[in-house]
Amino acid sequence: MNDANGNVDPRPYVQISDALARRMDSGLPPSTVEVGDHARTDFNALVEFWFESNDRPAALHDVRENAAKAKVPEHYIRNTTSVTFNASFGTVCDRRQRGAHAPGAPRGAGAAARRKPAGHWRGRAIRFDGPAQGTSRVASRRTTFGETVIEPGQTVFTLMAAANRDPEHFPRPDEIVLDRSPNQHLGFGWGPHACLGTMFGQLAVRQLVIGLLDRQDR
């Protein structure tokens, strides 16, 4: 989305992304349904525009070129592309807004963080205050947690935000520790339902945090 001068203006898409996210929680505030449905229509129109107007050589181009050979329907590609884009945008946008936590790090942390390899940054900022606070799953078999019995077909709502502050797994859970290890957080999910954009999210968050720390060091 560009403004009158041809510059990228993210504000219209911020509104779409926010409405889509709130639509997911419509079981709590039903008023988000109508706004979210309108946002979905606008988003689908954007995706159609991207597919029709942009066919530059890249990963998406290769996927589309080989879709028939791999027997992948076109709507699968469009749906996956739209979900991946919106999830990536939401993560980066949310991280920027929550960057107020970064001043809690010591002076000089920006230069020290820049010397760390990319693998060192596997979701450390996401663990502290990630954009996804919870998720739900449907039980496939009978399971018991303590005195609670979960039957097949029941919906389980898990609070990742609470798990990521579990003091049994994260000493000093409410502190920013950039070199925390081990760091088995759930910010990007886990197992077969892990986030498809984990690597992109890690790289984007790394650059955002380094930028904030560098600014603080000046």
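The values are calculated or read from the model by the stated rules, or taken from the named source; none is laboratory data. The structure displayed is predicted, hence computed values, not measured ones. Counting neighbours? That spans all protein chains shown, and the Cβs are built from the backbone with ideal geometry, glycine included.
List the residue pairs whose Cβ atoms are under 9 Å apart, where the first residue sits in the range 22-37 and is without any contact (Cβ under 8 Å) to a residue 24 or more places away in the chain and assigned to a loop (DSSP other than H, G, I, E, B), the second is surrounded by fewer than 16 Cβ atoms within 10 Å (Cβ to Cβ) and not hydroxyl-bearing (Ser, Thr, Tyr), and the two are 6 or more positions apart or on different chains.
That search, which allows pairs on different chains as well, returns SER26/VAL33.
For the range 30-59, what are the residues that are over 17 Å from THR80 (Cα atoms), of a type outside the set (Gly, Ala, Ser) and exposed (fewer than 10 other Cβ atoms within 10 Å of the Cβ)?
The answer is PRO30, ARG56, PRO57.
Could you count how many residues in the range 145-158 are exposed (fewer than 10 other Cβ atoms within 10 Å of the Cβ) and closer than 20 Å to TRP190 by Cα?
Qualifying residue count for the region: 3.
Quickly run through the range 8-21 and pick out the residues that are surrounded by 14 or more Cβ atoms within 10 Å (Cβ to Cβ) and either in a loop (DSSP other than H, G, I, E, B) or without any contact (Cβ under 8 Å) to a residue 24 or more places away in the chain (or both).
Within the range 8-21, the first condition is being surrounded by 14 or more Cβ atoms within 10 Å (Cβ to Cβ), and the residues that meet it are 13-14, 16-21.
Those that are surrounded by 14 or more Cβ atoms within 10 Å (Cβ to Cβ) and either in a loop (DSSP other than H, G, I, E, B) or without any contact (Cβ under 8 Å) to a residue 24 or more places away in the chain (or both): ASP18, ALA19.
Could you tell me which of the residues THR198, THR158, THR144, THR135 is closer than 23 Å to THR81 by Cα and touching a strand residue (DSSP E or B) at 6+ places or on another chain (Cβ under 8 Å)?
Working: THR198 fails: touching a strand residue (DSSP E or B) at 6+ places or on another chain (Cβ under 8 Å); THR158 fails: closer than 23 Å to THR81 by Cα; THR144 fails: closer than 23 Å to THR81 by Cα.
None of the other options fit; the residue is THR135.
Tell me which residues, restricted to the range 116-157, are β-branched (Val, Ile, Thr) and either more than 23 Å from the chain's Cα centre (by Cα) or modelled with pLDDT of 85 or more (or both). Outline the logic, then answer.
Our first condition is that a residue be β-branched (Val, Ile, Thr); within the range 116-157, this holds for 126, 135, 138, 143-144, 148-150, 155-156.
Of everything in the range 116-157, those that are β-branched (Val, Ile, Thr) and either more than 23 Å from the chain's Cα centre (by Cα) or modelled with pLDDT of 85 or more (or both) turn out to be VAL138, THR143, THR144, THR148, VAL149, ILE150, THR155, VAL156.
When both residues are 6+ apart or on different chains and their Cβ atoms are under 8 Å apart, which pairs have a first residue that lies in the range 199-218 and is within 17 Å of GLY90 (Cβ to Cβ), and a second that is surrounded by fewer than 15 Cβ atoms within 10 Å (Cβ to Cβ) and modelled with pLDDT under 70?
GLN202/ALA118; LEU203/ALA118; LEU208/ARG96
Pairs under 6 Å by beta carbon, first residue under 16 Å from ALA161 (Cβ atoms) in the range 171-197, partner in a loop (DSSP other than H, G, I, E, B) and of a type in the set (D, E, K, R), six or more apart or different chains?
PRO173/ARG165
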